[in-house]
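Report on the following structure.
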Amino acid sequence: MGPEPTAESLSMPRLPSREEYWDYFEGWQSGAWSADIRSHRTPVVKSFLVETVRTGDKNPTPQEMLRQAGAFVEPVDDTLFRVASAPGADPWALAEVIDHRFFALYTTLPVKDVRPRVRALVDGCVWLDRVWISRPVFEQLWEHVKARCAPHRYVKLSFEYDARYEVEGREPNDGCQPESDPDEEADERSQDTALPERRSARCTLLDRLREVQEKIDRLRDIYRPFHSIIQLRIPASGRGGHDFYFDGQVTNRSDSFADHRQQLSYVLELYRRTTEKAEDILWTRLDGGPEGLLAQGAPVLMQFAEPLPEDVFKRWVNSIFRRRNNAFRLWGHPIEGGPDTVHVYGIDRHLWQRIYLEFARGHLLAFLPEGTCGNTVHRLVTNVQRLIDPAVKVWIGNLPYEAVVATEPRPGRVDGGPRR
C-alpha cells in the first residue's frame, strides 16, 4: 500500500467553474467509495454546515463573514467560493451558499485536518455558528427515513451521553479539548494514563432499517442514553449513505456527490423552518396596540428527567461561565437566586446577542430577545442532551419541541431503492 494521504496531497485544485468542481467531487466520491471497499484508506467528501442569521440589511455577505474569520476567499461564481488558508494557496474547502441562512463547506481533507479549521472559522466570526442537530430534529429525520427507505437498507444511529460534570476533583474539560472525528470511538488500549471515572455511554447501531426500527423503542425503555441521538445515516438513492452528525458535519459515504447535495438541501430546509418557527414563537419584544404596549414572546423550557445532584449542578454552571471555549457558547455572570437556582443576564457568542437564563437543578429556562438567533435553542438542547440529561424534555413556549419540528419540508430525495 502507498503512503497515507496528507492534507497537502488532498488540497483541492483551482478549477474555473462550478460544473468542473461538481465533476471533480463526483469522480472523487465514486473513486473513494470503491477504494474504501478495498483499503479503507481514501478519504471521502465531507460537508460542514454553517448557519448565519435571518436576512437583514446590515448582514455581511457569507464571503465577508469568512474573511472576518481569517479565511482567504476567492469567487468561483456568485454563490460558490474557494476557501484557502493563505493568499495564493490551494483551497482546502469550497463554500457554497445554500440560501440566505446557510452555507456548506465541502472538502476532501482528512477529518483530523479540517475540523480544527472549521472550528477556527466559527470561533473567529460572531455571525457564524455550526448547524446543531438535536434529538427532536434527528427524530423527524428518522421518521423520514422510515417512511421513504426500503426496510432492507442499512441505517446507522449513534448515541452519546458524557456526564463530564460528575467528575470530582478536577475541572471538566469543556470545549477546549482537541476535536476528533465523531465517527471514531476512543480506543482505551492506547490510553496509558489514569482517568477519573464517570458515567459515559456511546453506542452505534448499524443494521438494516427493519431491525433497528423494531428494537430502538425497547432499548430506550431500559437505558436512557439511547434518547440522545448524535448521528444518523440517511441511505442514498444508490450505494451507501450520508452520515449527519449533531455538530453539522456530514460525511458522504455514498457513491454520488449530487445525491449528497440533495440530502443537505432537504435537511437544511427542515432545519430552517424549525429555526424560524421557533424564533417567531420565542422572541420577546414590545408591540404597540390600541391598549398600549404589549409584551410578546415565550421562553424555552428544558425539563430534566430528574433533579441534578447539587455538586453536578454547581460544576455545570461554573464551567460554562468560567471558560471562554465552553460548548454552549455563552458568556455572563451568574447570580444566585437561591440554593438551587442561578440567574444569568448573559450574551450568546453567536451574534453577541443578549440572552436571559435561569439554571435550576430541575430545569433550564431561556428567554431570547428579538434578534437572537433561533439556532441558539438547537445548540442548548443538543449539548444538554449530550452532557446533562439524554432524556430532557423541551418546550418552545407552550409547544413541545417535537411539534415545532414536525412540519415536513418539500418531499425529500431519499427513496432507498425498491421496497422488499
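Points worth noting:
- Three-way shape label, segment 230-372, alpha-carbon gyration tensor, a/c 1.5: oblate
- The charge dipole of segment 7-130, taken about the Cα centre with unit charges on the Cβ atoms of Lys, Arg (+1) and Asp, Glu (-1), comes to about 520 debye, rounded to the nearest 20.
- Per-selection Rg to Rh, segment 7-130 - Cα, Kirkwood hydrodynamic radius: 0.98
- Estimated FRET transfer efficiency when R0 is 51 angstrom, pair E214-K58 (beta carbons, to 0.05): 0.50
- Close amide-amide hydrogen proximity is noted between D99 and no other residue 5 or more places distant or on a separate chain, at a cut-off under 5 Å (H modeled in the peptide plane; Pro and chain starts excluded).
- The chymotrypsin sites (Phe, Trp or Tyr not before Pro) found in segment 211-252 that occupy coil by DSSP, while having at most 14 further C-beta atoms within 10 Å, are Y223.
- Global geometry of segment 108-148, whether rounded, prolate or oblate, following the gyration tensor of its Cα atoms and the 1.5 cut on a/c: oblate
- For segment 66-174, the list of GluC sites (Glu not before Pro) that fall in a loop by DSSP and count at most 11 other C-beta atoms within 10 angstrom reads E168.
- Amide H contacts of I230 (H built 1.01 Å from N, under 5 Å, at least 5 apart or other chain): S158, F159, E160
- Here the 3J(HN,Hα) profile of segment 243-254, calculated from phi with Karplus coefficients 6.51, -1.76 and 1.60 at θ = phi - 60°, is 8, 9, 10, 4, 9, x, 7, 10, 9, 7, 9, 9 Hz, Gly and Pro shown as x.
- Scalar couplings 3J(HN,Hα) for segment 146-157, obtained by applying the Karplus form with A = 6.51, B = -1.76, C = 1.60 to θ = phi - 60°, are 4, 6, 10, 9, 5, x, 7, 6, 7, 10, 9, 10 Hz; x denotes Gly and Pro.
- Karplus 3J(HN,Hα) series, Hz, for segment 347-361 with 6.51 cos²θ - 1.76 cosθ + 1.60 (x for Gly, Pro): 10, 8, 5, 8, 6, 6, 9, 5, 8, 10, 10, 10, 9, 9, 5
- Using R0 = 35 Å, the C-beta based FRET efficiency linking D340 and L205 works out to 0.45.
- Remark on Q249: its backbone amide H falls under 5 Å from those of L49, a criterion applied only to residues 5 or more positions apart or on other chains, H modelled at 1.01 Å from N.
Read-outs throughout are calculated quantities, based only on the coordinates presented, and are distinct from any laboratory measurement. From a predicted model like this one, the values you see are computed outputs, not experimental measurements. Note that we place each Cβ from the backbone using ideal geometry, even for glycine, and neighbour counts take in every protein chain shown.
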